[in-house]
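To keep things clear, I will list the structure first and then write my remarks on it.
Nothing in this text is a laboratory measurement; each read-out follows from the coordinates by a stated rule. The structure displayed is predicted, hence computed values, not measured ones. A quick note on method: Cβ atoms are made from the backbone with ideal geometry, for glycine too, and the neighbour counts reach across all protein chains shown.
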Amino acid sequence: MKWFKIAKGFSISLLIASLMFTSSVFTAILYAKIKYRPADSHAVSGYDPASGTDQAADKPEQNQTEGEETKVNPAAMLEAPLIQQYPELPRGCEITTLTMLLQFSGVEKGKMELVEELPWDHTPIQWGDQGQITYWGHPNEGFVGDITLGSPGFGVYHKPIATLLSTYQSETVDLTGKAFSEIEASISNGIPVMVWTTVNYKVPVNWMEWDSPQGKVKTTTKEHTVLVVGYDEEHVYVNDPLKKQKQLKINKQQFVSSWEAMGKQAVTYREANRKGS
């Protein structure tokens with residue numbers, strides 16, 4: 001009888017432990033689904049790519065008809081310049097990446113020349129009681145803050161970059177909000193694409209928000225841009241202004257997720273008459 005009670009007690013304890021483990025696993029899975037739900041991954045900067053309003057994450061793809069996919073080669077690779085943003089422009093990944101794209105197109109401009117033409121948003125930064133940013137400029141209006149390390153600075157998004165690109169390329173193409181297959185199609189057709197990602201090519205964990213004259217901005221300090229120069233079934237290849245290796249290989253699924261998290265921003269051009277050099 002004593003052994004029966006011990007065995008019965010052990011069985012009950014084992015059942016309780018099993019239920020607790022199952023509950024913890026379910027909780028972890030549920031947390032992951034909430035934390036990385038698609039709506040969060042696209043609602044990044046508080047703007048619609050076309051109008052600057054707060055609706056970008058909810059709009060459907062406009063680049064292709066329903067059931068139709070962009071046809072691209074299974075793999076492609078381009079030889080493009082690699083330019084470093086350091087030491088002159090520690091926060092200048094965007095203008096440096098644009099320089100790579102323009103030099104690929106035949107425009108003989110350096111990053112220090114182009115930075116003088118970059119649109120800026122000079123809205124002063126304001127801080128909250130907890131040391132957080134509460135009010136600043138909007139990166140879809142121009143570069144926010146200091147592009148060096150002299151004072152606080154952030155970066156710039158696709159709209160001002162597309163505007164600057166259009167002064168040199170009459171067929172500027174803003175692919176923001178399109179499917180990643182559109183980026184692959186451009187590379188397949190011989191033209192690299194400037195895209196917004198993160199410094200480690202991963203979906204950010206820590207986000208920050210501030211208000212601006214154009215509305216709320218939600219972003220991350222890991223914001224970064226690179227020039228996509230190639231792809232295959234499993235990888236994306238980039239020229240990164242923070243790296244010294246050309247055609248750096250990155251896992252495609254990981255890279256695409258980081259690009260989506262930063263609002264699916266991408267800018268390039270089509271072959272046409274160049275405006276100047």
In Å³ and rounded to a whole number, note down the convex hull volume per residue for the Cα atoms of segment 128-209. 143 Å³
Let me test this: with uniform point scatterers at the alpha carbons of segment 215-277, what is the Debye-based log₁₀ I(q)/I(0) at q = 0.20, 0.24 1/Å? -0.92, -1.11
If the limit is 32 Å between Cα atoms, which of Lys216/Lys246; Lys216/Lys244; Lys111/Lys216 go over it? Lys216/Lys246; Lys216/Lys244
Can you compute the FRET efficiency between Glu108 and Gln130 using 1/(1 + (r/R0)^6), with r the Cβ-Cβ distance and R0 = 51 Å? Round to the nearest 0.05. 0.60
Interchain or long-range residues, amide H under 5 Å from His235's placed H: Lys252
Relative to the present Cα-Cα distance, how much length would full extension add between Glu233 and Asn206 at 0.36 nm per residue of separation? 6.7 nm
Given the Cα-Cα distance of Ser166 and Glu88 and 0.36 nm per residue of separation, how much length would full extension add, in nm? 25.6 nm
Taking the highest mean first, how do the peptides 225-238, 205-218 order by number of other beta carbon atoms within 10 angstrom per residue? 225-238, 205-218
Against the globular-protein guess of 2.2 N^0.38 Å, express the Cα radius of gyration of segment 38-269 as a ratio, rounded to two decimals. 0.96
